[in-house]
1. Restricting attention to region 117-149, report how many residues are at pLDDT below 95 and hydrophobic (A, V, I, L, M, F, W, C).
2. Condition first: in a strand (DSSP E or B) and either of a type outside the set (Lys, Arg) or touching a Lys or Arg at 6+ places or on another chain (Cβ under 8 Å) (or both). Now tell me which residues in region 26-68 satisfy that.
3. Can you list the helices (runs of 4 or more DSSP H) found entirely within region 105-192 that contain at least 2 residues being basic (Lys, Arg)?
4. Among the residues of region 6-25, write down those that are more than 21 Å from Arg59 (Cα to Cα) and assigned to a loop (DSSP other than H, G, I, E, B).
5. Any idea which residue in region 107-126 is surrounded by the fewest Cβ atoms within 10 Å (Cβ to Cβ), counting only those that are within 14 Å of Phe78 (Cα to Cα) and in contact (Cβ under 8 Å) with a residue 60 or more places away in the chain?
6. Taking region 18-76 as the search range and keeping residues that are buried (at least 23 other Cβ atoms within 10 Å of the Cβ) and among the hydroxyl-bearing types (Ser, Thr, Tyr), which one is farthest from Pro87 (Cα to Cα)?
7. Restricting to region 131-165, name every residue that is under 19 Å from the mean Cα position of the chain (by Cα) and of a type in the set (A, V, I, L, M, F, W, C).
8. Of the conditions (1) closer than 20 Å to Phe21 by Cβ; (2) within 17 Å of the chain's Cα centre (by Cα); (3) surrounded by fewer than 16 Cβ atoms within 10 Å (Cβ to Cβ); (4) at pLDDT below 95, Gly171 clears all except one; give me its number.
Amino acid sequence: MKKQNRTIILASRSPRRRQLFKRLGVSFRVVEPRAEEVSPRRTSAPGALVMRNALTKARWVSSRFPDAVIIGADTIVFQKGRVFGKPGSLRAAHRMLLTLKRAPHWVYTGVALIDTKRAISIADYEKTKVYFRDISDKAVERYFTVTSPLDKAGGYAIQENGDLLIRRIEGDFFNVVGLPLVRVDELLMGVLNAGCGNSKKRRRYGAGLDHRR
């Protein structure tokens, strides 16, 4: 474990994010946020959307812990202005996958970190380009026999038989799973080491927890 003297909280309901976060080698606890997320069907700013939702989750938890470092995250699948959330049925999931195969799509994950003791709030995002295979109806049906799509944005999970659907990706694999570990580690270690990291891509929300872009 990395040495630490701060309480770290992962604001998440996702078992996949919990498993990924363990890879960072820090001691942490999990608190499930009950915050209401923004879930539009279309957007021209997917990065801003996932950062906003990640901050919403982290803020909900931060209001209950006055001396902790809280990490929130949010993931969407995005293609040509359309946001693909979790499908409501197998039929909807089937349509999603056949739509996603028509052109490359992006997986965006927003990450928010709040240090309640220092009143620091930071948000960033990562994106990964995903290319599907030319899957058929039967290929989708076969995928559903080995993987449940209903709890997954876009109706699929790269770590669960993703080879049945995905031809290749460009970018961070773990981002597609749901948590960009390199970006999270940079932000977290920056705060734990009394700084704010060196990421050139960071979107910092400043020292006031209520500041918005």
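1. 2
2. Within region 26-68, Val30, Val31, Arg42 qualify.
3. Numbers: elements: 137-146, 173-177, 181-192.
Per the criteria, 137-146.
4. Within region 6-25, Arg23, Leu24, Gly25 meet the criteria.
5. Restricting attention to region 107-126, the residues satisfying the condition of being within 14 Å of Phe78 (Cα to Cα) are 107-110, 125-126.
Filter again for in contact (Cβ under 8 Å) with a residue 60 or more places away in the chain, leaving 107-110, 125.
Details: Val107: 27, Tyr108: 24, Thr109: 29, Gly110: 29, Tyr125: 26.
Here the answer is Tyr108.
6. Taking the candidates together, the pick is Ser62.
7. Passing the criteria: Leu150, Ala153, Ala157, Ile158.
8. Condition not satisfied by Gly171: (4).
The values are calculated or read from the model by the stated rules, or taken from the named source; none is laboratory data. Here the structure is a predicted model, which means the values were calculated and not measured. With ideal geometry, Cβ positions are generated from the backbone for all residues, glycine too; neighbour counts draw on all protein chains shown.
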